[in-house]
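Here's the structure we're looking at; comments come further down.
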Amino acid sequence: MARRTKIYEGKAKVLYEGPEPGTLVQYFKDDATAFNAEKRDVIEGKGVLNNFLSELFMNGLNGIGVPTHFIRRLNMREQLIRAVDIIPLEVVVRNVAAGSLSKRLGIEEGTPLPRPIIEFYYKDDALGDPLVTEDQILAFNWASHQDLDDMVALAVRVNDFLSGVMLAVGIKLVDFKIEIGRQFEGDMQRLIVADEISPDSCRLWDIKTGQKLDKDVFRRDLGSLTDAYSEVARRLGVMPKSPVPIKPKLMN
Ligand code: TMP
């Protein structure tokens, strides 16, 4: 088989040309980064866990009519996805104060928020993904009014779904980040959930103990990231058959 064409390589994933027009193959790496890649490590098996967990969440969303880029998982580290134009905004939904919200506003971590708060961050590593206002988004044409309405609607539905899934296994969904892409069908475009949904992009706390089961374990040096992600996968019933560690295979 001919070597596949690499379309894009990010910090945690690689995108390859897909088998059909309009598709891509998304490969999950073991690389972990934090603080705009100032802190980095390779956590053996993380990519496998995130591939399976993102499959579970995206499949669940597709099943309740929330459109996502996910088509199907191909193997331990790869999934087939729809190609989209990623909107250059990270959409964060918060249910409980934590992380940058706590820091910026001086609200103690763990304080429940009166209602979910949605924030937009401009995707630009050189700028450190700054928080931006809706007026800035409109003025700089990163998204239209209609896009913003659609993005908020998607974010709220993802929050409702994910909160419920997590609650059922004793985990509190503190906050999460999604990315959204434009899918074109002829002259029509629609916005769909893209990228990944995994413990890399969520804050997940055990309801009873408050134990962190997400990337804060890595960001704050709280123990084994693989153990934390494996616990999430185990509770959700998606432990990959051949457990971690799995060495990345040479692509051919
Ligand atoms: P924050 O509190 O650091 O702003 O993070 C909010 C949520 O967004 C949290 O669940 C982690 C996630 N996140 C990412 O997925 N990527 C990032 O680059 C950052 C900064 C946060």
Problem set entry | Other-chain or far-sequence residues with amide H under 5 Å of Phe70's (modelled H) | Arg82
Problem set entry | Sequence-distant residues sharing a close amide H with Val96 (under 5 Å, placed H) | Leu113
Exercise. What whole-number value in Å² describes the accessible area per residue of segment 127-252 for a 1.4 Å probe?
Worked result: 51
Exercise. Can you give the helix-only mean residue ellipticity at 222 nm for the chain, where every DSSP H stretch with n ≥ 4 adds -39500 (n - 2.57) and the sum goes over all residues, rounded to the nearest 500 deg cm²/dmol?
Worked result: -8500 deg cm²/dmol
For this session: Compare the Cα positions of Pro112, Val232, Ala12 along the charge dipole of the chain (+1 at Cβ of Lys, Arg; -1 at Cβ of Asp, Glu; about the Cα centre) and return the one farthest towards the positive end.
Result: Val232
Exercise. Of the accessible area of the chain, with the probe set at 1.4 angstrom, what percent is carbon plus sulfur?
Worked result: 53
For this session: Please tell me which of these pairs span more than 20 angstrom C-alpha to C-alpha: Lys46/Lys215; Lys103/Lys177; Lys6/Lys39; Lys11/Lys177; Lys6/Lys241; Lys13/Lys123?
Result: Lys6/Lys39; Lys6/Lys241
Exercise. Can you give the extra length, in nm with one decimal, that the chain gains between Met239 and Leu222 once fully stretched, where that is 0.36 nm per residue apart less the Cα-Cα distance?
Worked result: 3.9 nm
Exercise. At what distance in nm do the modelled label points of Ala153 and Ala126 sit from each other, each positioned 7 Å from its Cα along Cα→Cβ?
Worked result: 3.5
Exercise. Which of Tyr121, Ile81, Gly170 sits farthest toward the positive end of the charge dipole of the chain, with +1 on the Cβ of Lys and Arg and -1 on the Cβ of Asp and Glu?
Worked result: Gly170
Problem set entry | Virtual spin-label span in nm between Asn75 and Leu138, 7 Å along Cα→Cβ | 4.8
Seminar exercise, completed: Cα-based Debye curve of the chain sampled at q = 0.07, 0.09 Å⁻¹ gives log₁₀ I(q)/I(0) of -0.23, -0.38
Exercise. Residue by residue through segment 112-128, which ³J(HN,Hα) values in whole Hz follow from phi under the Karplus form 6.51 cos²θ - 1.76 cosθ + 1.60 (θ = phi - 60°), with glycine and proline marked x?
Worked result: x, 8, x, 7, x, 10, 10, 10, 10, 10, 7, 6, 7, 4, 4, 9, x
For this session: Quick one: dipole size for segment 6-62, taken about the Cα centre, charges +1 on Lys/Arg Cβ and -1 on Asp/Glu Cβ, in debye to the nearest 20.
Result: 140
For this session: Taking H placed 1.01 Å from N in the peptide plane, check which residues at least 5 places from Lys215 or on another chain put their amide H under 5 Å from its amide H.
Result: Cys202
For this session: Identify the residues of segment 74-103 with backbone N under 20 Å of a label point that sits 7 angstrom from the Cα of Lys11 along the Cα-to-Cβ direction, or state none.
Result: 86-94, 98-103
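The values are calculated or read from the model by the stated rules, or taken from the named source; none is laboratory data. Everything numeric in this text was worked out from a predicted model, so none of it was measured. When we count neighbours, we look across all protein chains shown, and the Cβ atoms used for this are built from the backbone with ideal geometry, even at glycine. With ligands, DNA and RNA removed, areas are computed over all heavy atoms of the protein, side chains included. Shrake-Rupley method; radii C 1.70, N 1.55, O 1.52, S 1.80 Å.
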